[in-house]
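The values are calculated or read from the model by the stated rules, or taken from the named source; none is laboratory data. As the structure is a prediction and not an experimental result, all values here were calculated from the model. Here Cβ is always computed from backbone atoms with ideal geometry, including for glycine, and neighbour counts include all displayed protein chains. Accessible surface areas use protein heavy atoms only, side chains included; no ligands, DNA or RNA. Shrake-Rupley method; radii C 1.70, N 1.55, O 1.52, S 1.80 Å.
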Amino acid sequence: MAVAPRGETNVTPTAAASAAIRTDEPTTDPAAASAAAAEAQAPAPTGLPGNGDDDPDERTAADPAAPGRSRSATSPTGARFTRPGGMFSSLRVRNYRYYFAGQVVSNTGTWMQRIAQDWLVLSLTGSPLAVGITTAMQFLPMLLLGLFGGVLADRMPKRRLLIYTQGAMGLLAAGLAVLTVGGVVTPYYVYAFALLLGLVTVVDNPTRQAFVSEMVGPKDLANAVSLNAANFQTARLVGPAVAGLLIAAVGSGWAFAVNALSFAAVIGGLLAMRESELRPTAPIAREKGQLREGLRYVRERPELLWPMVLAGFIGTFGFNFPTLLSGFAYDTFEVGAGQYGLLNTAMAIGSLAGALLAARRGVPRLRRLVGAALAFGALEVVAAFAPDYWTFALLLMLIGVFGLSFNTSVNSMLQLSTDPEMRGRVMGLLVLVFTGGTPIGAPVVGWVTASYGPRLGLLACGLVSAAAAGTVGLVLARSADLRVRFDLHPGRGGRVVAFVPRTGAASKSELAAAC
């Protein structure tokens with residue numbers, strides 16, 4: 001989104017019109033003067049011809065703010081970008097269509113590699129602990145270096161950087177395929193490749209998140225983020241099934257080879273984009289203190305800080321399903337591998353539904369984000385007491401719906417609330433707190449599950465998530481000087497639960513509007 005620099009005063013339309021009249025030839029025709037003033041007040045055309053976007057009124061990120069336009073007009077709190085444009089509105093943009101198509105292929109390959117990698121390690125060692133070590137090696141770089149990846153995303157052109165990172169991932173998959181098919185792979189080779197993949201992901205993940213806004217612009221950003229999530233969840237349904245068939249037929253190495261080839265689809269889509277239709281953010285110059293600047297930027301803005309805190313709690317403690325679901329399958333319900341797979345499928349179906357529902361909505365507000373997190377935690381608590389396998393599976397679908405709703409809401413809201421030159425660092429911090437906490441939360445949840453059973457483990461995850469959502473919601477309401485109002489008879493267009501000014505006067509703060 002384009003915003004005026006902080007502290008800079010925008011020229012008002014009236015002043016712009018007066019200046020236009022003063023600099024032209026003097027005129028004695030009142031009608032001509034009026035026409036000149038009206039022309040000066042009219043906003044300049046912002047649509048790029050031939051950009052594949054059906055909405056010519058959408059501003060590009062490179063455009064300056066219109067005269068007299070405040071920050072809120074292009075932020076998630078402004079009416080301009082809050083109306084939904086349909087479930088698949090962002091696919092009208094040609095560049096995003098290429099990106100989305102490439103991701104369909106690549107995400108399927110990624111899920112194939114995940115399954116094949118775990119199966120390979122398990123077949124080489126016979127130890128679930130070795131599988132956990134592989135996962136930790138892949139996530140550890142994000143915990144240690146996630147913020148530096150965001151800085152690199154701000155310093156380099158994002159499209160070019162993504163071509164490099166996607167190419168590196170493809171080469172790593174190809175290398176692991178050669179070792180596995182050749183019969184010389186060992187667990188230590190797999191650990192090393194997982195670590196290298198994690199190092200590339202440190203840069204790729206925040207760059208990929210921030211690049212979405214350069215393809216579609218502010219109005220369709222929330223929709224594109226939701227469709228990306230739906231894309232990933234669809235691959236989650238297809239990829240493991242294809243991997244299982246391929247592993248059974250020819251072995252794990254060929255699943256790695258297919259994943260290596262899948263990166264050609266993403267790179268091809270990136271190369272086929274029309275650069276003139278992108279909305280690139282100018283890379284920042286390399287300077288000292290840019291990492292601290294990003295942290296300070298988030299700390300000084302409660303509309304960024306508190307959603308980030310909530311994402312940290314949900315990501316660290318709420319999303320520990322690999323450990324929990326295996327415990328419920330084998331210990332609580334005593335079912336086999338097929339039923340265990342169905343639990344993961346139920347979760348994926350719910351997540352896909354949540355992503356598609358989010359794609360229908362406009363830009364999320366803070367109350368929706370907090371509400372999704374609260375429902376997510378509450379459903380985990382309820383699922384901990386599920387009496388049988390099928391009730392648990394149904395609850396997992398609902399958990400998937402609200403978990404993905406939270407995930408897409410926090411992603412799109414943080415991007416739209418962030419100045420373009422800071423977006424890479426903010427998204428790097430989001431990835432850090434949401435996924436980088438896995439090496440911390442997973443062992444804690446695993447210990448609780450092993451010591452006291454999976455029911456208590458899931459109950460603890462749900463209570464932490466719900467408590468974090470409730471606390472952050474109260475902090476946000478107090479910071480914006482709002483209170484919660486319950487109305488059992490809201491009338492037409494009203495809400496049962498609404499945030500209203502505490503003092504009775506309308507609050508004009510950006511945080512209050514975002515709620």
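Some observations on this one:
- If you go through segment 270-310 and keep only what is open to solvent by 50 Å² or more (accessible area, probe 1.4 Å), assigned to a loop (DSSP other than H, G, I, E, B) and modelled with pLDDT under 90, you end up with Pro280, Ala282, Pro283, Ala285, Arg286, Glu287, Lys288, Glu300.
- Scanning segment 311-343 for residues that are open to solvent by 30 Å² or more (accessible area, probe 1.4 Å), part of a helix (DSSP H, G or I) and either within 20 Å of Gly462 (Cα to Cα) or at pLDDT 85 or above (or both) yields Phe313, Phe317, Pro322, Thr323, Ser326, Asp331, Thr332.
- Restricted to segment 344-391, and to residues there that are at pLDDT 85 or above, not charged (D, E, K, R) and not in a helix (DSSP H, G or I), the residue that is surrounded by the fewest Cβ atoms within 10 Å (Cβ to Cβ) is Pro387.
- Criterion violated by Trp447 - all others in (1) touching a helix residue (DSSP H, G or I) at 6+ places or on another chain (Cβ under 6 Å); (2) closer than 23 Å to Leu325 by Cα satisfied: (1)
- Filtering segment 84-101 to residues that are open to solvent by less than 10 Å² (accessible area, probe 1.4 Å) and at pLDDT below 90 leaves Ser89, Ser90.
- Residue tally, condition open to solvent by 30 Å² or more (accessible area, probe 1.4 Å) and either in contact with a strand residue (DSSP E or B) (Cβ under 9 Å, 6 or more places away or on another chain) or part of a helix (DSSP H, G or I) (or both), over segment 155-171: 7
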